[in-house]
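Since the structure comes first, as structure tokens, the remarks are kept for the end.
The values are calculated or read from the model by the stated rules, or taken from the named source; none is laboratory data. Keep in mind it's a predicted model, so treat the numbers as computed, not measured. Methodologically, a virtual Cβ is constructed for each residue, glycine included, from the backbone with ideal geometry; neighbour enumeration extends over all protein chains shown.
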Amino acid sequence: MPGGETVGDVAYARIRADILFGQRAPGERLRLDEASRRYGVSVGTMRELLNRLVSEGLVVAEAQRGFEVAPASAAEFREIAALRQLLEGHALALSFAAGDLDWEARVVAAHHKLAVTEQRMLAAADADPTLVRHCDRAFHQALASACGSRVLIETLGSIHDRYLRYLSLAAIVRGERSIQEHADLLACALARDAAGATGILKVHIDGCLDHALAGGPPAWASGPAVPDHGPSARVAARTTSTRTTRRR
């Protein structure tokens, strides 16, 4: 297999992607026999892979019920979004201070690919958002890549993936607003304006929360709704009446 990957590596990547991109629903049972056939590995290997996903918070293990896709809730989405904002804001400040010309080139290249895929998606009503989300993640990774902390990068990557899962479950496509925010983040990176980038990142993340949660308890949420007393709720209250579609 390419890059020395094992059959287990490929199966892990496939089931993880299925969870992150909403192909396996929150709370869905993951039966070992069915999953091993679907992903082409032995039952023993599948058990190991699912335990690995348990450690990442994407799968839960119940003593009597086996494995299930981790539940999703509005409350957890807010928690993950807040943690992402905290970690990524810190990573951007470090990265902007230390980034060199090669870092700038990575950021510009990642943004170009993201911008092209975003525009193509806007032009096609039936486009699959998966590629855009891959490119979005790559752009944000590039922005933080010069922070100098492997632990921070790994932790942020894990949180970003869990955040990505909620974007997929909520089918969030913010269109022109998101495109502009990404362009503004690029401008801040090239100007080494960490404070400006942190402010844009907050707007970017709050906008996704507003879009996903403004209509009340979402259909994908398996946990109880909790009151939202933050700025996202106030913005949502002002904008709910203007939202007629998910695409802008």
Qualifying helices (runs of 4 or more DSSP H) (wholly inside segment 92-206; at least 1 residues being touching a Gly at 6+ places or on another chain (Cβ under 7 Å), over 20 Å from Ile80 (Cβ atoms) and of a type outside the set (Ser, Thr, Tyr)): 101-123, 176-191
Could you look through segment 134-148, keep only residues that are touching a residue at least 40 places away in the same chain (Cβ under 8 Å) and surrounded by fewer than 20 Cβ atoms within 10 Å (Cβ to Cβ), and pick out the one that is nearest to Leu92 (Cα to Cα)? Ser145
Out of (1) of a type in the set (Asp, Glu); (2) under 14 Å from the mean Cα position of the chain (by Cα); (3) modelled with pLDDT of 95 or more, the odd one out for Asp184 is which? (2)
Report, by residue number, each residue of segment 119-148 that is farther than 20 Å from His204 by Cα and in contact with a Leu (Cβ under 7 Å, 6 or more places away or on another chain). Cys147, Gly148
If I ask for residues that are farther than 20 Å from Ser73 by Cβ, outside any helix (DSSP H, G or I) and among the charged types (D, E, K, R), which ones from segment 1-44 would you list? Glu5, Arg31
Please give the number of the condition Gly27 fails out of (1) assigned by TED's automatic domain parsing to the domain that holds Ser158; (2) at positive phi. (1)
Scanning segment 116-144 residue by residue, those more than 26 Å from Arg14 (Cβ to Cβ) and modelled with pLDDT of 95 or more turn out to be Leu143, Ala144
Pair list, Cβ under 7 Å, 6 or more apart: segment 69-94 residue closer than 25 Å to Cys147 by Cα, other residue hydroxyl-bearing (Ser, Thr, Tyr) and part of a helix (DSSP H, G or I): Ile80/Tyr163; Ile80/Tyr166; Ala81/Tyr163; Arg84/Tyr163; Leu87/Thr155; Gly89/Thr198; Leu92/Thr198
Only one residue in Ala81, Ala35 is surrounded by 17 or more Cβ atoms within 10 Å (Cβ to Cβ), in the same structural domain as Leu156 (by TED's automatic domain parsing), touching a helix residue (DSSP H, G or I) at 6+ places or on another chain (Cβ under 8 Å) and of a type in the set (A, V, I, L, M). Which one? Ala81
